[in-house]
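Trainee: Okay, here's the structure, questions in a sec.
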Amino acid sequence: SKHSVNLDNTRADVAVKPFELETGFQFELHVTISGRKINVSDIPELPIPEDWMRDKLELNFSKTEQGGGGGEIENVTYDKEAGTAVITFLTPG
């Protein structure tokens, strides 16, 4: 865990220390279900690109093991400013 590094003719002794990375976000969504579409509201603004948020929403709602079902997604419409999304499934369920 200890190393010596030469920098500009100067020797520096360094040690490696473990650290934790923040790897995820946890948040609560409010959902209204109707036929083929789910309206999602109160999506918090996160420091990630909008296409990443659409992908995360699609992945979450396509999982059939979720308590509310899931299935193949036709479309995800995400409005970052409003904190809302509409998830459209290929088939009603």
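Trainee: What accessible area per residue, rounded to a whole number of Å², is obtained for the stretch 37-89 using a probe radius of 1.4 Å?
Mentor: Working: 3240 Å² over 53 residues.
Counting only protein heavy atoms, the per-residue value for the stretch 37-89 is 61 Å².
Trainee: Using the Kirkwood radius built from alpha carbon pairs, what does the Stokes-Einstein equation give as D for the stretch 37-89 at 37 °C and 0.692 mPa s, in µm² per second?
Mentor: Here the translational diffusion coefficient equals 293 µm²/s.
Trainee: For the stretch 37-89, which whole percent of the accessible surface, found with a 1.4 angstrom probe, sits on carbon and sulfur atoms? List each step's numbers first, then the result.
Mentor: Values: 1430 of 3240 Å².
In the stretch 37-89, the share of accessible area belonging to carbon and sulfur is 44 percent.
The values are calculated or read from the model by the stated rules, or taken from the named source; none is laboratory data. Note that the structure is predicted; figures quoted are calculated from it, not measured. Note: accessible area is taken over every heavy atom of the protein model, side chains too, but ligands, DNA and RNA are not part of it. Shrake-Rupley method; radii C 1.70, N 1.55, O 1.52, S 1.80 Å.
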